[in-house]
Amino acid sequence: MRIVSRCLAAAAVLLVLGTSVASAQKPQTRKGFWIGFGFGWGSYTCTDCDNTSSYTGHIKLGGTLSQKVLLGAEIDGWSKSESGETLTAGDVTFNAYFYPQPAGGLFLNGGVGLSRVEISGGGASAGETGPGFTLGAGYDLRVGTNVSVVPSLQWVYGHPTDGFSQSFYHFSLGVTFH
């Protein structure tokens, strides 16, 4: 976990430093349809369980309302396999992305939707679904006319069933096509 975290942090720093010139040459314009995906590392916790870390991923798509506001759907997931069992958690949410400065890449996002937890192993699986939400922040590093590299930090929370809640933080590095 420590090695992966350090590698992701180093990659983010290199991207920020390496694309500062490129992003200065590529203006932040937001219009029409957009789609993105990313992978990262996150820490999961739930009612009556210890923190554990593993890989994460996200997929998002939507439309542009203005230079400051994007609306869309996002799927955030976390999964870990250990001792023949796989624990998977995630949210499917309707999200809003807010850019405080239209010409900048910094954004804040939040969304509401559904949360799911599932455990599988030995040929059987069980899961629950309930309400969930996502909060986060990131930065669009424009590397092409319609392409951004996007480091982001998200907090995903869900309440899949009575008496049980889950959450995970994840840092991811993604690509968005505008």
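The values are calculated or read from the model by the stated rules, or taken from the named source; none is laboratory data. Keep in mind that what you see is a predicted model, and the values were worked out from it rather than measured. Quick reminder, even Gly has a Cβ in these numbers, built from the backbone with ideal geometry, and neighbours come from all protein chains shown. SASA here: full protein model, heavy atoms, side chains in, ligands and nucleic acids out. Shrake-Rupley method; radii C 1.70, N 1.55, O 1.52, S 1.80 Å.
Summary table below
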| read-out | value |
| --- | --- |
| Overall form of the range 126-178 per C-alpha gyration tensor (a/c, 1.5; a/b vs b/c) | prolate |
| Accessible area, probe 1.4 Å, largest first, for residues LYS31, LYS68 | LYS31, LYS68 |
| Aspartates and glutamates whose Cα lies under 20 Å from that of LYS68, excluding same-chain neighbours fewer than 8 positions away | ASP140 |
| Fraction of accessible area attributable to carbon and sulfur, the range 30-98 (%, probe 1.4 Å) | 65 |
| Label point distance in nm, SER120-THR45, each placed 7 Å from Cα along Cα→Cβ | 2.8 |
| Aspartates and glutamates with Cα under 13 Å of LYS60, excluding same-chain neighbours fewer than 8 positions away | GLU74, ASP76, ASP91 |
| Using a Förster distance of 30 Å, the FRET efficiency for ASP162-LEU106 (Cβ separation, nearest 0.05) | 0.20 |
| Evaluated over the range 78-178, the Cα radius of gyration and Dmax, each in Å | 16.3, 52 |
